[in-house]
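Just so you know, all these numbers are worked out from the coordinates, no wet-lab data involved. Quantities reported herein were computed from a predicted structural model and do not represent experimental measurements. All Cβ positions, even for glycine, are placed from backbone atoms using ideal geometry, and neighbour counts span all protein chains on display.
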Amino acid sequence: MISMPRKVIIGNWKMNQTQKDALEFVRGFLSSDPIDPRDWVGLAVPYTLIAPLTKEIEGKETTLHIGAQNMNDCTRGSFTGEIAAFMLEEVGSQFVLLGHSERRHIFGEDDAFIHRKLVRACASSLLPVLCVGETEQERSEGLTFEVIERQITKALKDISIDEVKDFMMAYEPVWAVGTGTPATVEVIQEVHSFCRSILEKTWNSEKAAYIPILYGGSVTSNNASRYLEQEEINGLLIGGASLSLESFLQIVNDNS
Ligand code: PGA
């Protein structure tokens, strides 16, 4: 069901954390719960951590969801090194990031590939989190809105809102990811409103108003509240600052 939590906070661990450290992190997180149940918290973790972490939270009342950072668009087959939706489901993954800027720009994933992944995710129980964002050059050339519109419309092509059980989006300008230079509130508000208008235009459905749009790119416990107090920013996708339990909890518990 598409719904708008009070806020969404997703940590993206990328290629970090041992099993021991990850379990310690999640145990620490659980001991600080109850987090406000109106909030939706997730950790997008390396594949090897999904099973142990979902086992750790199993049966516990928590706002925490465990997810993956990527998946393949095919159901199964000869795709060395890839992972399929059913494999993620089997180990308890609840969501999956799709089209993260590092996938697009380091591993060359294009809009068509991301679209096929989204189709596959919609056919599974995984909640897709579609990431979009322009590069520094695209911004300087005035192409931000064109790029964002292309990334969203190509990803959603021919997918009706009724096929989507649940869905979130993240705006992550490439120039802000991992650089220590976050986007300003004004830039994010402008792009988020634009993303919402594209979702509304594409799906022509009231449900588009309930799709959380997160911001990601150099978010820390020092700047998170500045973002969370804005109506257009429904949550945050956090890389570096999600690796420390202390800073992650500070952001999760921020009630701006
Ligand atoms: P960052 O990464 O917070 O380290 O900039 C964000 C992301 O890649 O999702």
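For the reader, a short list of remarks on this structure follows.
- Flag if F107 is more than 18 Å from A170 (Cβ to Cβ), out of contact with any Ser or Thr (no Cβ under 9 Å at 6 or more places or on another chain), free of Cβ contacts under 8 Å to residues at least 24 places away in the same chain and not charged (D, E, K, R): no
- All of (1) of a type in the set (A, V, I, L, M); (2) within 16 Å of the ligand (Cβ to nearest atom); (3) without any contact (Cβ under 8 Å) to a residue 60 or more places away in the chain hold for A123 with one exception: (2).
- Residue identified as closer than 22 Å to F167 by Cβ, assigned to a loop (DSSP other than H, G, I, E, B) and free of Cβ contacts under 8 Å to residues at least 40 places away in the same chain among P5, P37: P37
- The set of residues in region 63-114 that are farther than 17 Å from F167 by Cα, within 15 Å of the ligand (Cβ to nearest atom) and in a loop (DSSP other than H, G, I, E, B) comprises I106, F107, E109.
- Count of region 188-233 residues which are surrounded by fewer than 17 Cβ atoms within 10 Å (Cβ to Cβ) and within 29 Å of M15 (Cα to Cα): 5
- Considering residues of region 2-35 that are within 28 Å of Q230 (Cα to Cα) and among the small types (G, A, S) only, the residue surrounded by the fewest Cβ atoms within 10 Å (Cβ to Cβ): S3
- From S160, S140, residue being surrounded by fewer than 17 Cβ atoms within 10 Å (Cβ to Cβ), within 17 Å of G217 (Cβ to Cβ), of a type outside the set (A, V, I, L, M, F, W, C) and away from the ligand (no atom under 16 Å from the Cβ): S140
- Residue under evaluation V191, criteria (1) in contact with a Phe, Trp or Tyr (Cβ under 7 Å, 6 or more places away or on another chain); (2) away from the ligand (no atom under 16 Å from the Cβ), criterion not met: (2)
- Boolean, T220 is more than 26 Å from N16 (Cβ to Cβ) and either away from the ligand (no atom under 16 Å from the Cβ) or among the hydroxyl-bearing types (S, T, Y) (or both): no
- A single member of A170, A241, A183 is within 13 Å of the ligand (Cβ to nearest atom) and over 30 Å from V119 (Cβ atoms), and it is A241.
- When region 194-216 is filtered for residues that are outside any loop (DSSP other than H, G, I, E, B) and more than 25 Å from H105 (Cβ to Cβ), the ones remaining, listed by number, are S197, E200, K201, W203, E206, K207, A208, A209, Y210.
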